[in-house]
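Below you'll find the structure, written out as structure tokens, and then a few comments.
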Amino acid sequence: MAEDSIAVVDLEKCQPDRCNYECANFCPPNRTGKECIITRGERFEEGEPYRGTEDQVWISEEICLGESCGICVDKCPFDAIRILNLPQELDEEPVHRYGENSFALYGLPAPQEGQVTGILGPNGIGKTTAVRVLADELAPNLGRIGDEPDWDEILDTYRGTALQGYLEAMRDGDVTVARKPQYVDRIPDQFDGETRQLLERTDERDVVDDLVQRLGIAPVVDQDIDTLSGGELQRVALAATLARDADFYFLDEITPYLDISQRMAAARLIRDLAADEGRSMLVVEHDLAILDLLADAIHIGYGSPGAFGVIPPPKSVKNGINEYLAGYLENENMR
Ligand code: SF4
Ligand code: SF4
């Protein structure tokens, strides 16, 4: 038994019709009669919902011997399996899993009232998942697939933590949020019309004209959204988000496509909104200089992209960036 390991099956890669179930046939527990690797058809009851097809495999994380075995990883001809030990310091249950044997997120950032909180870390470790949970777009399942927790259970899990108040307010509908999505190039698929129309629709604070000036997008407000460049879309998305009247703003990557002066203008806007109006900002960002300029505190996420991610408690911006650059998170004892 290896409770501190995680098994991930990539359903895009698992092709039972093109292999001989080498993973299951060579798995040591299977060879002693245990059901460590079985098909999903065997794992789930008839009518029970599950991801993948009935002939794709499911791995028992209870029975699996962990990363030190790894035989199935080596035997699978399509690299469909990952078995990874979780960090020893991680003594918590996941916030969310997308399904059995799929990505797991541990820990959530804690947005602070009137402050800018940054999240830094590699792609694929769940930063956007964390933002979607806090923006009330994704109900956290605490890793319990098929036995999803209700709000009371979720709140029990976070009682006594920095997130308790936020989650209670979220449950009671007492918190308003605005989120800027990561992929601004998808905006033209969701909105058809002039830039001005999009901005006016979100202008709950009557500030769009000021935002348009400060972000330098006045020349494009009369253009159709689908004619804008990536940099213009990024700034329009930021203006549309910041124009909303929200308690918490979740900004998923603000710098892609922007040059340095545009980045600085965006950073100043966000800072001003937090400092002058007491709004709370959570910013996922890769640009260290911008985070240094923007943030009051920073979460340094880590993990194994696509398999698991950890969002540990926040650090001071200076310490966080220094540890990130040094490649060693001191409190987490992680490289
Ligand atoms: S994980 Fe690999 S070896 Fe196992 S069934 Fe899928 S493709 Fe075959
Ligand atoms: S790593 Fe786990 S699932 Fe894979 S062969 Fe070993 S015991 Fe079986």
Seminar exercise, completed: Filtered hits (lysines, Cα-Cα < 25 Å from Lys34, offset >= 8 within chain) -> Lys13, Lys75
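Can you give me the % of accessible surface on region 5-85 that is carbon or sulfur? Probe 1.4 Å, all protein chains present, nothing else counted. Walk me through the numbers before you get to the answer.
Numbers: 2060 of 4640 Å².
The value for region 5-85 is 44 percent carbon and sulfur by accessible area.
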Problem set entry | Rh by Kirkwood over Cα pairs, then Stokes-Einstein D for the chain at 1.002 mPa s and 20 °C, µm²/s | 98 µm²/s
Problem set entry | 5 angstrom amide H check on Gly107, placed H, neighbours 5+ away | Val95, Ile311
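Ignoring ligands, DNA and RNA, what percent of the 1.4 Å accessible area of region 102-326 is carbon and sulfur?
Values: 4200 of 9520 Å².
Looking at region 102-326 in its full context, I get 44 percent from C and S.
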Exercise. Given H placed on each backbone N at 1.01 Å, which residues far from Ser5 in sequence or on other chains put an amide H within less than 5 Å of it?
Worked result: Leu86
For this session: Under 21 Å Cα to Cα from Lys318, which lysines show up? Leave out anything in the same chain fewer than 8 places away.
Result: Lys127
Seminar exercise, completed: Free-by-geometry Cys in the chain, Cβ-Cβ under 4.7 Å as pairing rule, reported as Cys14, Cys19, Cys27, Cys36, Cys64, Cys69, Cys76
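How much area per residue is accessible in the chain when the probe is 1.4 Å and only protein heavy atoms are counted (Å²)? Provide the component values of the computation, followed by the final result.
Values: 16130 Å² over 335 residues.
Solvent-accessible surface per residue comes out at 48 Å².
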For this session: With an 8 Å cut-off on Cα pairs and a minimum separation of 6 or more residues, tell me the relative contact order of region 186-283 in percent.
Result: 30 percent
Exercise. In terms of Cα to Cα distance under 14 Å, which aspartates and glutamates are near enough to Lys315, apart from those fewer than 8 places away along the same chain?
Worked result: Asp292, Asp296, Glu323, Glu330, Glu332
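The values are calculated or read from the model by the stated rules, or taken from the named source; none is laboratory data. Keep in mind it's a predicted model, so treat the numbers as computed, not measured. All Cβ positions, glycine included, derive from the backbone under ideal geometry; neighbour counts span all protein chains shown. Keep in mind that these areas ignore ligands, DNA and RNA; they rest on the heavy atoms of the full protein, side chains included. Shrake-Rupley method; radii C 1.70, N 1.55, O 1.52, S 1.80 Å.
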